[in-house]
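This report concerns only the one structure given below.
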Amino acid sequence: MTSLKVLFIGGTGIISSACADRAVSAGIDLTILNRGTTSIRTVPADAELVRADIRDADSVRSALGDREFDVVVNFVAYTADQVQADVDMFTGRTGQYVFISSASAYQTPPARLPIVESTPLRNPHWEYSRNKIACEDLLVAAYRSAGFPATIVRPSHTYDRTAIPLLGGWTDIDRMRRGRPVVVHGDGTSLWALTHHADFAKAFVGLLGQPKAVGDSFHITSDEVLTWNEIYTALATAAGAKPQLTHVSSDSIVAAEANFEGALLGDKAHSVIFDNSKVKALVPDYVATIPFAAGAREIIEWYDAHPERQTVNDSLNATFDKLIAAATQ
């Protein structure tokens, strides 16, 4: 039986690295195209590495020639013009083009839960999400008008050992270890789904080469639902700290630090629960098996082993101190 020939554009990010490992272990003939500039994650030994910049069409043509692939996946497309370049490049050269969108493209805040793939797409607070929606619109139009074989995948909050899913990243871990309070948006009880990248890869690789996935969209998340209080506490426990959680409204946080608007008002401030039955219908053995308690331990262990990555943001620390002082006076 001939192996599935798959091209990953990217391949060394949080999501794509796990998908690359999973694809190779599944016997897929994997080619990874990237610039080769990452230092944290490596390409699987059994994958072919092609160095080129996807933003430079001439370099991609030079690197790939006239090669064809059963599946092309772009993990690093963020705007409609980037997706249009892929449509131009790969029309007639692949049986499936997979675009990595985002669950933050769904209606924000959601009118009803759980979120399903037919939930409307609209995010007034985050340009990143609106750009992903524009990419999806382009691909849907290309599929309808010319049969371009697009599949849209919407990850939610997917993490690996390098990704601390807190507002302040390592700054929050450092604060908790020092016995200082941390800022949690809202009252900490809104619901959230965190998906380990190895779990995401199980479902994702199962969609590759699936004729029934062409022309359709899927989200892939864990079925574990946690409050933000539980998320902060899990990381504090893993770090050997006792959390002191100070609850501050998302609007107040954004007023103090405008850069948080997209991530908060456009995403994390709203409860989300995802119905994964659609992807499970095509990948029936998909089960997310890594609870965040285990993922939190993995994160802390990695950062403790890499002290050079333990970056504390002094400006953010000062902002947190002001917010906490205002909330507790």
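One residue is enough: does segment 299-306 have a residue meeting the conditions crowded, with 20+ Cβ neighbours inside 10 Å, of a type in the set (A, V, I, L, M) and not assigned by TED's automatic domain parsing to the domain that holds D174? Checking segment 299-306: not a single residue is crowded, with 20+ Cβ neighbours inside 10 Å, of a type in the set (A, V, I, L, M) and not assigned by TED's automatic domain parsing to the domain that holds D174.
When we screen Y286, Y303 for residues that are of a type in the set (S, T, Y), in contact with a Lys or Arg (Cβ under 8 Å, 6 or more places away or on another chain) and closer than 26 Å to A203 by Cβ, the only hit is Y286. Residues satisfying the criterion are present in segment 35-44 (criterion: modelled with pLDDT under 95, of a type in the set (D, E, K, R) and surrounded by fewer than 21 Cβ atoms within 10 Å (Cβ to Cβ)). Looking across segment 113-155 at every residue that is in a strand (DSSP E or B) and aliphatic (A, V, I, L, M), the one that is farthest from G215 (Cα to Cα) is identified as I115. Find all pairs meeting these conditions: Cβ atoms under 7 angstrom apart; at least six residues apart or on different chains; first residue within segment 169-193 and without any contact (Cβ under 8 Å) to a residue 60 or more places away in the chain; second residue surrounded by fewer than 20 Cβ atoms within 10 Å (Cβ to Cβ). Cβ pairs passing all conditions: G188/T227; G188/N229; G188/L245; G188/H247; T189/T227; T189/N229.
One residue stands out among those in segment 306-329 that are of a type in the set (V, I, T) and more than 29 Å from the chain's Cα centre (by Cα): the one that is modelled with the highest pLDDT, which is I324. The residues of segment 1-42 that are outside any loop (DSSP other than H, G, I, E, B) and not hydrophobic (A, V, I, L, M, F, W, C), listed by number, are K5, S16, S17, D21, R22, S25, D29, T31, N34. Applying the criterion of being in a helix (DSSP H, G or I) and among the charged types (D, E, K, R) to the residues of segment 55-87, the residue that is surrounded by the most Cβ atoms within 10 Å (Cβ to Cβ) is D86.
Scanning segment 144-185 for residues that are under 16 Å from A236 (Cβ atoms) and among the hydrophobic types (A, V, I, L, M, F, W, C) gives I164, L166, L167, W170, I173, M176, V182, V183, V184.
Mind listing just one residue for me: the one in segment 156-190 that is assigned to a strand (DSSP E or B) and not aliphatic (A, V, I, L, M) and, of those, farthest from G13 (Cα to Cα)? Only one residue tops the list, namely H185. Within segment 199-211, the set of residues being surrounded by fewer than 18 Cβ atoms within 10 Å (Cβ to Cβ) and either among the small types (G, A, S) or out of contact with any Leu (no Cβ under 6 Å at 6 or more places or on another chain) (or both) comprises G209, P211. A search for C-beta distances below 6 Å between a residue of segment 314-327 that is on the phi < 0 side of the Ramachandran plot and any residue that is of a type outside the set (A, V, I, L, M, F, W, C) and not in a helix (DSSP H, G or I), counting only pairs 6+ apart in sequence or on different chains, returns L316/G168; T319/E257; I324/P181; I324/T246; A327/T246. Within segment 1-12, the residues that satisfy the criterion of being crowded, with 21+ Cβ neighbours inside 10 Å and not aromatic (F, W, Y) are V6, L7, I9, G10, G11, T12. Being small (G, A, S), under 16 Å from G266 (Cα atoms) and surrounded by 14 or more Cβ atoms within 10 Å (Cβ to Cβ) is a description that applies to A103.
The values are calculated or read from the model by the stated rules, or taken from the named source; none is laboratory data. For clarity, every value in this text was computed on a predicted model and none was experimentally measured. Heads up, the Cβs are rebuilt from the backbone with ideal geometry, glycines too, and the neighbour counts pull from every protein chain shown.
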